[in-house]
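Data block below; observations after.
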Amino acid sequence: MRGGLQLRLFVSYLAVIGTAVAALWLVLQWTAPVAFEYHMGAMMGAGRGMGRMMAAVMTDAMNEALRELFFRGLRSALGWAVLAAVLTAVGLAYVVSRRITSPIRAVVAGTRRVAQGRYDQRIQVNGPEELAELAKGFNQMAEALAAAESRRLALIGDVAHELKTPLTTIEGYMEGLLDGVTEPSSQTYALVAREASRLRRLVEDLEELSRAEGGRLSLEPRPVPLAGAVKAATARLESQYQAKEVSLAVNLPRDLPRVWADEDRIAQVLTNLLGNALQYTPAGGRVSVTATHAGGHVEVAVSDTGEGIAAEHLPHLFERFYRVDKSRARASGGSGVGLTIARSLVEAHGGRIWAESAGPGQGSTFRFTLPTARP
Ligand code: ADP
């Protein structure tokens, strides 16, 4: 038996057994002579049959010898009984202390293995309820760590992949220039510059994403009218809408309550949704921003008459680097994390964001909710 908890439990059981034996012995020392005298007296004083005969023939010496014999017998019977009880109790104490400590040892060993990076560790405990709970908590922790680890690996893979495309393009142009295969024209430099700025955007978006997903966004929510954020976003994109000949209409109800939000962050979400709507809507199309008020929140909708989204993609749009048409979206310069950032921002406000579309060619609507400000 190793030291620590099991030894302590075992020793504490031994202490209880020892105390019980000592108490038994002491009580017996006090009570047995009194009981003996009482019963002998009662038997002889009864004055009938055996009692009368014994009282008549009993001398003091005989009484003393009887007393001595009785106590010797009692002590010996008691000694054997105590020995058997102590041995059984010691055995039980060992088993019980082991039963309690072995699941704890399993958890400790599991924790060490998880600390070494083995997140597939799970432990099985059939012991007492509290220890089974401890094991359950441990397994949940290990699962969460495994999920975080696989997200981390997936992110590294995704980022590496995203970085590769523009870097390969830049490298290709540079090698072409060095070898004299590519014309050192302003067009070539513009292409290289475009790839470099795509890389910068990607890195900026990743920084923003890590802030948003790590909960390190500095949100300063206040009661604000939604119109302010909408105006900021539409102003940013107005010229691009005009250039592509896509109309942009804003239609907010007059009695819309104020929302509890950080205006700049909501403008950022709207800029992202309006930017996407513009990108996926051909010339001549329409994009609109509307809002409704229900319950304790305001629901904002950005609808377009653009290319729409097939149902199977809808649940995945907000995942990192998810794109319906990978090559096209990448070529257009999107980092693929715009909607992921938008979702983090909306959720940080206590809202929800989702996409709807009747299918390809039928336009799409992106909706998000924000809590209304308490009056
Ligand atoms: P990206 O930088 O590629 O635009 P987002 O996270 O903003 O990344 O969008 C993810 C994907 O969602 C896009 O690649 C596109 O396939 C799809 N998407 C987003 N908005 C729209 C829209 N209004 N219409 C159709 N598809 C859209």
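Any read-out appearing in this document is the output of simple, stated calculations on the displayed coordinates, not a laboratory observation. These figures come from a predicted structure and were not determined experimentally. So basically every Cβ, Gly included, is an ideal-geometry build from the backbone, and we count neighbours across all protein chains shown.
If each residue's Cβ is checked for other Cβ atoms within 10 Å, how do Tyr94, Tyr280 rank with the fewest at the top?
Details: Tyr94 16, Tyr280 21.
Placing the least packed residue first, the sequence is Tyr94, Tyr280.
Suppose R0 equals 30 Å. What FRET efficiency, 1/(1 + (r/R0)^6) with r the Cβ-Cβ distance, do Ala32 and Leu92 give to the nearest 0.05?
0.60
Can you give me the long-range amide H partners of Ala261? Hydrogens built in the peptide plane at 1.01 Å from N, cutoff under 5 Å, separation of 5 or more residues or another chain.
Amide H neighbours of Ala261: Arg222, Val224.
Debye sum, Cα scatterers, segment 115-273, no solvent: what log₁₀ I/I(0) at q = 0.17 1/Å?
-1.10
Determine ³J(HN,Hα), in whole Hz, for all residues of segment 187-201 in sequence, where each value follows from phi through the Karplus function 6.51 cos²θ - 1.76 cosθ + 1.60 and θ = phi - 60°; x replaces Gly and Pro.
So the Karplus estimates, Gly and Pro as x, are 5, 4, 4, 5, 5, 5, 4, 5, 5, 5, 6, 5, 4, 4, 4 Hz.
Running a GNM on the chain with Cα contacts under 10 Å, which residue among Gly275, Gly137, Gly73 ends up with the highest mean-square fluctuation?
Gly73
Using r as the Cβ-Cβ distance of Glu175 and His316, and R0 as 35 Å, what FRET efficiency do you calculate, to the nearest 0.05? Could you put the intermediate results ahead of the total?
On the way: r = 36 Å, r/R0 = 1.04.
Efficiency for this residue pair is about 0.45.
Would you please give the residues with an amide H less than 5 Å from that of His297, counting only those at least 5 places away or on a separate chain, with H modeled from the backbone geometry?
Excluding prolines and chain starts, which carry no amide H, the hits are Thr372.
Sorted by packing (mean other beta-carbon atoms within 10 Å per residue), highest first, where do 335-347, 12-24 land? Could the numbers behind the result be given before it?
On the way: 335-347: 21.9, 12-24: 13.1.
The peptides rank, most packed first, as 335-347, 12-24.
Between Arg352 and Asp255, how high is the FRET efficiency from 1/(1 + (r/R0)^6) when r is the Cβ-Cβ distance and R₀ = 35 Å? Nearest 0.05. Please list the in-between numbers first.
Values: r = 23 Å, r/R0 = 0.65.
Computed FRET efficiency for Arg352 and Asp255: 0.95.
Scan around His349 for amide H atoms under 5 Å from its own, H built in the peptide plane at 1.01 Å from N, and keep only partners 5 or more places away or cross-chain.
Amide H neighbours of His349: none.
Given +1 on the Cβ of Lys and Arg, -1 on the Cβ of Asp and Glu, and no further charges, what dipole in debye does the chain carry about its Cα centre, rounded to the nearest 20? If you can, show how the numbers build up before the last one.
Details: 41 positive and 37 negative charges, 281 e Å.
My answer is approximately 1340 debye.
If I model segment 221-357 as equal point scatterers sitting on the Cα atoms and use the Debye formula, what is log10 I(q)/I(0) at q = 0.13, 0.15, 0.17 Å⁻¹?
-0.55, -0.74, -0.96
In sequence order, what are the phi-derived ³J(HN,Hα) couplings for segment 123-131 according to the Karplus relation 6.51 cos²θ - 1.76 cosθ + 1.60 with θ = phi - 60°, rounded to whole Hz, with x for glycine and proline?
So the J values, rounded to whole Hz, are 10, 10, 10, 10, x, x, 3, 4, 6.
Please arrange Asp264, Asp158 by counting, for each residue, the other beta carbons lying within 10 Å of its beta carbon, fewest first.
Ascending Cβ contact count within 10 Å gives the list Asp264, Asp158.
Could you list Phe36, Phe318 so that the one with the fewest beta carbons within 10 Å of its beta carbon is first and the one with the most is last? It would help to have the intermediate numbers written out before the result.
On the way: Phe36 15, Phe318 21.
The order, fewest Cβ neighbours first, is Phe36, Phe318.
Dipole of segment 165-246, Cα-centred, from +1 at each Lys and Arg C-beta and -1 at each Asp and Glu C-beta, to the nearest 20 debye? Can you show the working numbers first?
Working: 10 positive and 13 negative charges, 111 e Å.
Computed charge dipole of segment 165-246: roughly 540 debye.
Do the sum for the chain: with -39,500 (n - 2.57) for every DSSP H run of n ≥ 4, divided by all residues, what is the mean residue ellipticity at 222 nm, to the nearest 500 deg cm²/dmol? Could the numbers behind the result be given before it?
On the way: 9 runs with 238 residues, N = 375.
Helices in the chain give a 222 nm mean residue ellipticity of -22500 deg cm²/dmol.
Among Ala291, Val250, Val192, whose Cα projects farthest towards the positive end of the dipole of the chain, with charges put on the beta-carbon of Lys, Arg (+1) and Asp, Glu (-1)?
Going by the Cα projections, it comes out as Ala291.
Please compute, for the alpha-carbon atoms of the chain, the extent along each of the three principal axes and give them in descending order in Å.
Extents along the principal axes, in whole Å: 137, 64, 35.
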